[in-house]
1. Are any residues in region 285-308 outside any strand (DSSP E or B) and small (Gly, Ala, Ser), and if so, which ones?
2. Quick check on region 296-333: of everything there that is of a type in the set (Ser, Thr, Tyr) and closer than 14 Å to residue 261 by Cβ, which residue is surrounded by the fewest Cβ atoms within 10 Å (Cβ to Cβ)?
3. Name the residues in region 31-63 that are assigned to a loop (DSSP other than H, G, I, E, B) and closer than 30 Å to residue 143 by Cα, would you?
4. Go through 120, 161, 166 for me and flag whichever is farther than 23 Å from residue 214 by Cα and in a loop (DSSP other than H, G, I, E, B).
5. Condition check: surrounded by 22 or more Cβ atoms within 10 Å (Cβ to Cβ) and in contact with a Gly (Cβ under 6 Å, 6 or more places away or on another chain). Does residue 287 satisfy that?
6. Could you count how many residues in region 111-162 are crowded, with 17+ Cβ neighbours inside 10 Å, among the small types (Gly, Ala, Ser) and more than 20 Å from the chain's Cα centre (by Cα)?
7. Please pick out the residue among 270, 245 that is at pLDDT 90 or above, within 23 Å of residue 166 (Cβ to Cβ) and not assigned by TED's automatic domain parsing to the domain that holds residue 112.
8. With modelled with pLDDT of 60 or more, exposed (fewer than 13 other Cβ atoms within 10 Å of the Cβ) and closer than 29 Å to residue 256 by Cα as the only criterion, which of 384, 373 stands out?
Amino acid sequence: MEYDEDYEEFSALSTAQVTYTISDDKITLNGTGTYLCLGAVWGESNEWAGFADYSSVYTPAITDVLVEVPEGLVTDVYKFKGSEYQGGELQYNTNVGMDGNDVYVQGILADMPNAWIKGTREGNTVTFESGQYLGLLANKPVYMMAVNRMNTSEIQPLVLTYDESTETFSNDTQFILLNASKSTVYLMQAISDFTLTKSKSGEAYEVPYLETFGSSTSMNDYTIIDANNDGTTWGYNSMSGYVNYNWSMTNAADEWLITPAIHMPAGKAYTFTVKTRSFTATMPERIEVMMGIEATAEAMQTVVIAPTEVASGDFVELTGNVWISEEGDYHFGIHAISDADNMMLAVDDIAVDEAVNTGVSTVRTATTAADTTVYSLDGRVMGTSTTGLPQGIYIQGGKKIVVR
């Protein structure tokens, strides 16, 4: 049917062809619009009966229902860690609640952070039926599935082993899938060798911490600050699987990439490492790493890695150590401070772990010898000598020093 706006009436087009495009589980009506539609015609007079269809898309009706969580369910934060198939390491927050023998997990797949799955616990084994509906992703229904890692067409219930002493759920025999079907393997994401461990400090991650930026979901817990407000800052590079800062032609870089909170007990030295590279060796960039108790630029007060020139087209590892005198949740800030009109600064594989020894140093390159940096008890750099410092207790070379 074609609409004549002047006469305000529809008329039938005897030569019009009605076609549809079928893609996956979606059918789309082609070639129609406000003034051209698929209409019902009544009688030989081609009189329009009053019903028409245009720009329509048909998808199967969704009859699946989301998992219903008991009212008042008490949950705890559990850290999910796993290996993405043909990708890197993933880690993010989930919520776990237990109601008798029923176990509920929210956000076990990071692309569906609000979705719940339900399992049943028998002893130290928790079983979740495959095909549980997670909701819509890109307007498609998605499901939680598990498959045998040795035969990925074999759909199985997801089985987690629970270690009560460490409050950890684990699985090293299956892939857990974000799947676009509940009856066949039509995966959007596959993760193996995963654990869910109860966080000792709520939202904060525990040490050892590792982020390999295996997918864009890795950025969910990170804070990006464009401190010079020039619109050029850190972003995820999906082609290469790392985070990079692309240059400004006019402004020197002042861009922060801040980790989520990492819980660190007191009285220990911790090692921070990050891999970084410039575009080429002839186009150097500059970077520093700071630490603070909040995910803000202003809170980044403790030097972890002093300003360092990065002049390598291949990734090099930078390392810095910090002494923690007060237990808490800390953030590390990777600060791009390159000159204007350079090219690209990339970072990957951010890690925090207990230091191998008690030496506290800031390592400015991968080969720099340990220095004699003096730290205050709150981790601030006070110089390389105790001369002239106020009375108090300081850390140097991993040992406490009293200045009287």
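The values are calculated or read from the model by the stated rules, or taken from the named source; none is laboratory data. As the structure is a computational prediction, the values presented were derived from the model and not from experiment. When we count neighbours, we look across all protein chains shown, and the Cβ atoms used for this are built from the backbone with ideal geometry, even at glycine.
1. Passing the criteria: 295, 297, 299.
2. Step by step, filter region 296-333, then rank; the result is 296.
3. Matches in region 31-63: 55, 56, 59, 60, 61, 62, 63.
4. 166
5. no
6. 3
7. Exactly one of 270, 245 is at pLDDT 90 or above, within 23 Å of residue 166 (Cβ to Cβ) and not assigned by TED's automatic domain parsing to the domain that holds residue 112, namely 270.
8. On inspection, the qualifying residue turns out to be 384.
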